[in-house]
Amino acid sequence: MNFRSDNEAPIDQHILQAIIDANQGSEESYGYDRYSEQFTEQCQALFETWCEVLPLATGTAANSIAMTLSCPPYGAILCHEDAHLNRDECGAPEFFTGGAKLIPMPGEHGKIDLDNLDEFLAGTGVHGEHESLPCTISITQCTESGTVYTLQELKRLKAIKEKYGLALHMDGARFANALVTLDCSPAEMTWQSGIDMLSFGATKNGAMMAEALLIFNTAYIREIKRLRKRSGHLISKMRFISAQLVRYLEDDLWLKLAKKANQQARLFTQETSQLVECLHPVEANEVFCRLPVVLIEQLKQQGFEFHVWPGHNDVIRLVFSHATRERDTKGLIAAIEAHQFRVNQQSTG
Ligand SMILES: Cc1ncc(COP(=O)(O)O)c(C=O)c1O
């Protein structure tokens, strides 16, 4: 009964089958295989525009290459303080860019506070060449708090990036989960909202080590293939990554998988709304909630696995995935209800 991370979920069976199906004979190496070609065509059709498409094995590589494309060593990258880029990539963006500065920005529920961002950017430049030059804004969709930037918020971000002449990157490790929440087109959530570069995640939503970097703005495609090689992500047997990505997009599989994950999160939240305090709006497949410490211990003993949030012994993160079984979600709900029932009995008895 794993609610710890969608990274711990198995590979979706259709995607696993696609790997097996691709395992026939030989194919050109290093991304010149027919699956990589097909995936590029699929992306261009899906996003309704030309885009450069680079399959990769990790989201950290996608994010870091995107930063390198848009930010020189003397530049600055603005992202939320909780962004994966800032907290969980061990300095990879700084390393890849050759020393660009990450500027962590505040904001509720994992979203950059856009008024504050605008104000901050308006105040830059006074130290001239003494300060790093803001070059890139990176947002995460869904955010690290499980929330989703609305199209209105993306529109505002677009206006800000245009006002200051910056690049806009989206870390879409959970892109599909956000897209099904907004119920809009991939184009609307990306380049039509000013997104220049997208880290398109598939691993958390049913694939195995399959991510891609999509570049919508030709200003940022310089030497992209060499940068991938230098990052160690020019995979010789790329066909096995691309075959997964091809299948992921076929028959709307990616959307079906994300819907399943989001539905389980919604089921949990609806059924426990009277019992559980959520710290952030539940808008996709992650729930951050406060529970009595004693209940957290009981749930662990009953075999439920989740992260207790660092620094908060009464806050847990539940991540629902494409593979979460409804009976496990219901089991978790029932365990919380049973605890509450016992507490009520004790207080009335
Ligand atoms: C928001 C976000 N971005 C990017 C990643 C990609 O990480 P990795 O390099 O482990 O594939 C993750 C993985 O947990 C993530 O949660």
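The values are calculated or read from the model by the stated rules, or taken from the named source; none is laboratory data. These numbers come from a predicted model, not from an experiment. Here the Cβ positions follow ideal geometry from the backbone for every residue, glycine too, while neighbour counts run over all protein chains shown. Protein only, heavy atoms only, side chains kept; ligands, DNA and RNA dropped before computing areas. Shrake-Rupley method; radii C 1.70, N 1.55, O 1.52, S 1.80 Å.
Work out, step by step, the length gained on full extension between R226 and T150: first 0.36 nm times the residue separation, then minus their alpha carbon distance; give nm to one decimal.
23.9 nm
Between E28 and D251, how high is the FRET efficiency from 1/(1 + (r/R0)^6) when r is the Cβ-Cβ distance and R₀ = 22 Å? Nearest 0.05.
Step by step, r from the Cβ atoms, then E = 0.25.
Please compute P(r) over all alpha-carbon pairs of the chain, binned at 10 Å starting from zero, and give each bin as a whole-number percent.
Once binned at 10 Å, the Cα pair distances of the chain give 5, 25, 31, 23, 12, 3, 1, 0.
Near L332, within a Cβ-to-Cβ distance under 15 Å, what is the net charge of the other residues, with Lys and Arg +1 and Asp and Glu -1?
With Lys, Arg at +1 and Asp, Glu at -1, the neighbours total 0.
Using r as the Cβ-Cβ distance of W50 and N344, and R0 as 56 Å, what FRET efficiency do you calculate, to the nearest 0.05?
0.40
Compute the Cα gyration tensor for segment 133-237, then decide on rounded, prolate or oblate, letting a ≥ b ≥ c be the square roots of its eigenvalues: rounded whenever a/c is under 1.5, prolate when a/b is larger than b/c in the other cases, and oblate in all that remain.
oblate
Normalised by the residues of segment 194-258, what does the relative contact order come to in percent, with Cα pairs under 8 Å and at least six apart?
Relative contact order of segment 194-258: 35 percent.
Take the Cα gyration tensor of segment 234-341, multiply each eigenvalue by 5, square-root it, and list the three semi-axes largest first, rounded to whole angstrom.
32, 16, 12
Hey, rough spin-label estimate for E188 and D115, points 7 angstrom out along Cα→Cβ, what's it come to in nanometres?
Roughly 2.7 nm, to one decimal.
Roughly how many Å² is the accessible area per residue of the chain, as a whole number, for a 1.4 Å probe?
Per residue, the chain has an accessible area of 45 Å².
Where both residues lie in the chain, what percent of DSSP beta bridges are antiparallel, nearest 5?
Of those bridges, close to 50 percent are antiparallel.
How many lysine pairs does segment 12-251 hold where the Cα atoms are under 29 Å apart and the two sit 8 or more places apart or on different chains?
24
At 222 nm, what helix-only mean residue ellipticity would the chain give, in deg cm²/dmol to the nearest 500, using -39500 (n - 2.57) for each DSSP H run of four or more?
-13000 deg cm²/dmol
Determine ³J(HN,Hα), in whole Hz, for all residues of segment 89-97 in sequence, where each value follows from phi through the Karplus function 6.51 cos²θ - 1.76 cosθ + 1.60 and θ = phi - 60°; x replaces Gly and Pro.
10, 6, x, 4, x, 5, 5, 5, 7
Work out from phi, with θ = phi - 60° and the Karplus expression 6.51 cos²θ - 1.76 cosθ + 1.60, the ³J(HN,Hα) of each residue of segment 207-222, listed in order in whole Hz, and give x for Gly and Pro.
9, 10, 6, 10, 10, 8, 10, 10, 10, 9, 10, 4, 5, 10, 9, 4
Please work out the FRET efficiency for the pair S236 and Y74, using the Cβ-Cβ distance as r and a Förster radius of 30 Å; give the result to the nearest 0.05.
Calculated value: 0.30.
Considering amide H positions built from the backbone, and no H for Pro or chain starts, which residues 5 or more places from C79, or on another chain, come under 5 Å of its amide H?
Here the answer is I103, M105, S138, since their amide H atoms fall under 5 Å of that of C79.
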